[in-house]
Structures are given as C-alpha cells and as structure tokens.
Amino acid sequence: MATKMKIKKGDTVKVIAGDDKGKEAKVVQVMPKTSQVVVEGCKVVKKAIKPSESNPKGGFSNIEKPIHVSNVAKVEGK
C-alpha cells in the first residue's frame, strides 16, 4: 500500500543507515508504493551491459539503487 511520503524529489537528505551513512545528497526519485527513495551518488552498483547495436562494446554501467525511506533523514535548509 502506498504511504504518504514526507520526502519529495529534489529534497536534500542525509543517509542515517547503511554503507553510505553520513552522506548528504539530493533525492532523484521517490517510490511511495515501496516506501523507497533513490539518492544521488548513494548505493551505487555496477551493472554489466551486453553488447548491442547502440553499444557494440558492452561494458559496465554505474546505477543508483533505492534506499528505504526510514534510512534517510530530511535536511532542513541552512
């Protein structure tokens, strides 16, 4: 069930749990159905890309994965 989120796209948040604990960054995407947010530069993973017509060499791509909203705190304007 989708819940009302207090964090919106573009807000500055501080990661309070996980590998990126202490980082402050902007929210890129909000997913209210799963109560998750995507934070710029946090929880970055490498994904293998298969060779295709548009990308004949293939290779790797860095992708930001979602973080649960309980692991971030909104930072008020300074």
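Among the residues making up region 1-49, those that are on the phi > 0 side of the Ramachandran plot and either open to solvent by less than 70 Å² (accessible area, probe 1.4 Å) or in contact (Cβ under 8 Å) with a residue 40 or more places away in the chain (or both) are Gly10, Gly18, Gly22, Ser35, Gly41.
Identify the residue in region 50-68 that is under 13 Å from the mean Cα position of the chain (by Cα) and open to solvent by 40 Å² or more (accessible area, probe 1.4 Å) and, among all such residues, is nearest to Lys6 (Cα to Cα). Walk me through how you get there before you give the answer.
Taking region 50-68 first, the residues under 13 Å from the mean Cα position of the chain (by Cα) are 62-68.
In the following step, the residues that additionally are open to solvent by 40 Å² or more (accessible area, probe 1.4 Å) were identified as 62-65, 68.
Working: Asn62: 28, Ile63: 25, Glu64: 21, Lys65: 20, His68: 13 Å.
Among those that are under 13 Å from the mean Cα position of the chain (by Cα) and open to solvent by 40 Å² or more (accessible area, probe 1.4 Å), it is His68.
Pick from region 25-49 the residues that are over 13 Å from the mean Cα position of the chain (by Cα) and assigned to a strand (DSSP E or B): which of them is nearest to Asn71 (Cα to Cα)? Filtering region 25-49 for residues that are over 13 Å from the mean Cα position of the chain (by Cα) and assigned to a strand (DSSP E or B), the one nearest to Asn71 (Cα to Cα) comes out as Lys46.
The values are calculated or read from the model by the stated rules, or taken from the named source; none is laboratory data. What you see is a predicted model, and the numbers here were worked out from it, not measured in a lab. Counting neighbours? That spans all protein chains shown, and the Cβs are built from the backbone with ideal geometry, glycine included. To get the accessible areas, we keep the full protein, side chains included, count just its heavy atoms, and leave off ligands, DNA and RNA. Shrake-Rupley method; radii C 1.70, N 1.55, O 1.52, S 1.80 Å.
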